Amino acid sequence: MKMKKYRFLLLLLVSFFLYVGCEENDIDLYNETPRLNFYYSNMDVYFVDTDYVKGHTEKEWMLRVNLQGDRLPEARNFCLKVQPNETYSLKANISFDEKYVFPMDSIYQIVTIKVHRPEALTVTSAYQADIYFDLDNPLHQFDPGREDREYLSMNVYYRIKRNDWNEWYWGKYADSKYFFMMDYFGATHDGIPTTQEAQKNLYDAYEEYKKSNPPLLDENGEEIVFKQVN
């Protein structure tokens, strides 16, 4: 009987201390100024062979921005920028609108930026850029947000090499060879006919090209070769 009494008193004491602790550590209501955070910390953008054939030199890319704090009673403007990072040997080219609008009564906004195709092909490395909120811009109407979400790292790749390259018809792969083929046929690997006629036309076109241009070289500095067919 005494054991049950002690257990009951112990439970009362634990409940009391838990109640007092909760009272002392209640979370205050958010009363800071409106702030913004990036939803993602990094993003990858790829340019591929279809972009080359279609002449796409830039992509419109969407970013999500979250509101920190209470919903806005009225719309506010915010601005973005690329902040230089000297550790990046390859720097991505990204452009923004003069300003973006965060709507009232919303917890996030999705905006569009422009990502420009790199000047050269990339294999393993990427062209990089760090996107920040432009706090110094007079059009920006938000205070700094969380430090762990204050910027977004963007990696931009430009790759055309195909895993399904048809070496039987086109010979050893080289970027310069594939560029020449896409220019000649106006199509990517999937749209180029695998016929002897296509092989002959491509061989003749390259021989004609060399009459007024230097030979095209592969990644090892050797001239590319197209199969000659009768």
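The values are calculated or read from the model by the stated rules, or taken from the named source; none is laboratory data. Being a predicted model, the structure only gives us computed values, none of them experimental. Heads up, the Cβs are rebuilt from the backbone with ideal geometry, glycines too, and the neighbour counts pull from every protein chain shown. Calculation scope for accessible area: heavy atoms of the full protein, side chains included, ligands and nucleic acids excluded. Shrake-Rupley method; radii C 1.70, N 1.55, O 1.52, S 1.80 Å.
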| message | Quick check for me: using +1 on Lys/Arg Cβ and -1 on Asp/Glu Cβ, what's the dipole size of the chain about its Cα centre, in debye to the nearest 20? | response | 960
| task | Quick one: pull the percent of accessible area on the chain belonging to carbon and sulfur, 1.4 Å probe, ligands and nucleic acids left out. | result | 51
| request: Please state the charge dipole magnitude for the range 162-230, taken about the Cα centre, from unit charges on C-beta atoms (+1 on K and R, -1 on D and E), reported in debye and rounded to the nearest 20. | output: 140
| task | Report the antiparallel proportion of the DSSP beta bridges in the chain as a percent, rounded to a multiple of 5. | result | 80
| query | How large, in Å, is the range 35-158 by the Kirkwood hydrodynamic radius built from its alpha-carbon pairs? | reply | 15.3
| note | When the charge dipole of the range 35-158 is computed with +1 at the Cβ of Lys and Arg and -1 at the Cβ of Asp and Glu, the Cα pointing farthest to the positive end, of PHE142, TYR52, ALA75, is that of TYR52
| message | Can you tell me which of GLU150, GLU60, GLU197 moves the most in a GNM of the chain? Springs connect C-alpha atoms under 10 Å apart. | response | GLU197
| Mean residue ellipticity (222 nm) of the chain, computed from DSSP H runs ≥ 4 via -39,500 (n - 2.57), nearest 500 | -8000 deg cm²/dmol
| request: Between the alpha-carbon centers of the range 206-230 and the range 65-121, tell me the distance in whole angstrom. | output: 44
| note | Answer in debye to the nearest 20: the dipole magnitude of the range 35-158 about its Cα centre, from +1 Lys/Arg and -1 Asp/Glu charges placed on Cβ, is 180
| What is the P(r) of the chain, as percent of Cα-Cα pairs per 10 Å bin from 0? | 6, 22, 19, 15, 13, 11, 6, 4, 3, 1, 0
| note | To the nearest 10 degrees, the tilt of helix 175-185 (Cα long axis) against the first principal axis of the alpha carbons of the chain is 70
| field | Computed lengthening from ALA75 to THR50, 0.36 nm per intervening residue step minus Cα-Cα distance | value | 5.1 nm
| remark: For the chain, longest principal axis from Cα atoms; helix 2-24 axis from its Cα atoms; angle between them, nearest 10 degrees, is 60
| task | Would you grab the residues whose amide H sits under 5 Å from the one on LYS227? Only those 5+ places off in sequence or on another chain, please, with H modelled 1.01 Å from N. | result | none
| request: For PHE47, enumerate residues with amide H under 5 Å from its amide H, sequence gap 5+ or separate chain, H modeled in the peptide plane. | output: TYR157, TYR158, ARG159
| request: Would you mind checking which residues have amide H under 5 Å from TYR108's amide H? H placed 1.01 Å from N; only 5 or more apart, or other chain. | output: LEU67
| Do you know the relative contact order of the range 35-158, to the nearest whole percent, from alpha carbon pairs under 8 angstrom that are 6+ apart? | 40
| note | Hull volume per residue for the range 86-196, using the convex hull of the C-alpha atoms, in Å³ is 182
| query | Got the relative contact order for the chain handy, in percent, Cα pairs under 8 Å and 6 or more residues apart? | reply | 21
| field | Most positive-pole-ward Cα, SER176, ASN85, MET62, against dipole of the chain from beta carbon charges | value | MET62
